[in-house]
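Structure first, then comments.
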């Protein structure tokens, strides 16, 4: 929302029933219908508004929302009626139907671990022993033996002195950045950094700058001339484009300027590298990273986040990471499932092998059908439709064809960079991949995208 307009052109119910405004979209017989005029607007139009009432934007937003939700925004928050496996049953909130057996490219379950029998058995055993939740902050009564053991296992896996658990990946970023940096310090992050990184920068009150995506030369310019504490933040895999950080150049710039380096491996931990540690391991820079951060909600199929690094760093952040300090600890049943998932990920390297084979297969299948892909080098594949006006209409048709995949448009990505974000899993079968690629391509052909 940081790029929002400072004034909203939307007031009252001016959007609803506006039949005179039309998008510049073909409406020839047989062609897909034009999008409603209200789809020209998005959340950013309701970020700022005039007046003294804190609720001033609620009514115009609601007018807009009632029109655009059935036109495509309903595709978000669709309830699943199954585990996030490679085939899912999804409730169509527009029609009330439950669409069964959809090929799933929307979940982050990259190794297919969340519904493994061993994981579910560990969760059930922990529920019998500990009950449902932690019922306390980590520093008070919320830490169980499972939490302590799991933190030690994460540190061992990452090859660091210590690790610390957070209730979510979001809170891990916010708590680490705001817990470490202060007013007068400098934080420089990649321009495509996740919202949780941006929010951590804001809460820290440090001076914040962004360097051009993956451009070490621009990072060098942003660091030059600053005397004081400096932290550089990059991601292992960028979640909307699927590309990876060029750590060799970034590490060199950080050394030159005496800046500490933090990497968020939310989408790359447990799948990249010889042992699955992440992009830092894959590129040979594990020992050059000061703060390793990741999540458990993706490749391990659970919930939560972590940081790993020196014992001194972890001990300091125990007292200053407010998002952990003042939150309830992860549920013991979740931790039990995560411990088993980590064990499986470490003992079954064939899961990573299968994942990368599936990625190569899907890239080939999409390429053969002339589906436009971005520059992904990972299991996150952006399908670049670049049609902000009709991406939701395409998404609706893909959903009706039997594929569950997320449409993404501004402000989550730049203007005219709308896409579908495809997530590949080690559990996908050849049939899943072929069926999904063909159905997606069939819809995109109708819109002239491929």
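Compute the acute angle (0 to 90°) between the alpha-carbon long axis of helix 169-180 and the principal axis of greatest extent of the alpha-carbon atoms of the chain; round to the nearest 10°.
Rounded to the nearest ten degrees, it is 50.
Taking Cα pairs under 8 Å and at least six residues apart, what relative contact order does the stretch 265-423 come out at, in percent?
The normalised contact order for the stretch 265-423 reaches 13 percent.
Compute the projected area of the convex hull of the Cα atoms of the stretch 117-347, averaged over all viewing directions, and report it in nm² to one decimal place.
Across all orientations, the stretch 117-347 yields a mean hull projection of 11.7 nm².
Work out, step by step, the length gained on full extension between residue 429 and residue 229: first 0.36 nm times the residue separation, then minus their alpha carbon distance; give nm to one decimal.
Gain on stretching residue 429 to residue 229: 67.1 nm.
Working out 0.36 nm times the residue gap between residue 360 and residue 450, then minus their Cα-Cα distance, what length gain in nm do you get to one decimal?
30.4 nm
Taking the Cα-to-Cβ direction at residue 369 and at residue 274 and moving 7 Å from each Cα, how far apart do the two end points lie in nm?
Here the modelled spin labels are 3.8 nm apart.
How high is the relative contact order of the stretch 80-199? Use alpha-carbon pairs under 8 Å, at least six apart in sequence, and give a whole percent.
Reported relative contact order: 12 percent.
Taking only Cα atoms, what is the 0 to 90° angle, nearest 10, from helix 58-68's long axis to the longest principal axis of the chain?
Approximately 70 degrees, to the nearest ten.
Is it possible to state the helix-based mean residue ellipticity at 222 nm for the chain, with each DSSP H run of 4+ residues giving -39500 (n - 2.57), the sum divided by total residues, to the nearest 500 deg cm²/dmol? What is it?
So the calculated ellipticity at 222 nm is -11000 deg cm²/dmol.
Subtract the Cα-Cα distance of residue 348 and residue 145 from 0.36 nm times their separation in residues, and report this length gain in nm to one decimal.
My answer for the length gained is 70.5 nm.
Could you grab the relative contact order for the stretch 232-310? Cα pairs under 8 Å, six or more apart, rounded to a whole percent.
For the stretch 232-310, the relative contact order is 26 percent.
Label residue 325 and residue 58 with points 7 Å out from Cα along Cα→Cβ: what is the distance between them in nm?
3.3 nm
Taking the 0 to 90 degree range and rounding to the nearest ten, how far is the long axis of helix 350-368 tilted relative to the main principal axis of the chain, both from C-alpha atoms?
For helix 350-368, the angle is close to 30 degrees.
Can you tell me which of 58-65, 399-406, 295-302 comes out highest on packing, and rank the rest after it, using the mean Cβ neighbours within 10 Å? All intermediate terms of the calculation are to be shown ahead of the outcome.
On the way: 58-65: 16.6, 399-406: 19.0, 295-302: 26.9.
The most tightly packed comes first, giving 295-302, 399-406, 58-65.
Roughly what % of DSSP beta bridges within the chain run antiparallel, to the nearest 5?
Around 55 percent of the beta bridges assigned by DSSP in the chain are antiparallel ones.
What nm distance separates the two modelled labels at residue 93 and residue 312, each placed 7 Å from Cα along Cα→Cβ?
4.9 nm
Read-outs throughout are calculated quantities, based only on the coordinates presented, and are distinct from any laboratory measurement. Because the structure is a prediction, the values reported are computed rather than measured. Glycine gets a Cβ as well: all are built from the backbone with ideal geometry, and neighbour counts include every protein chain shown.
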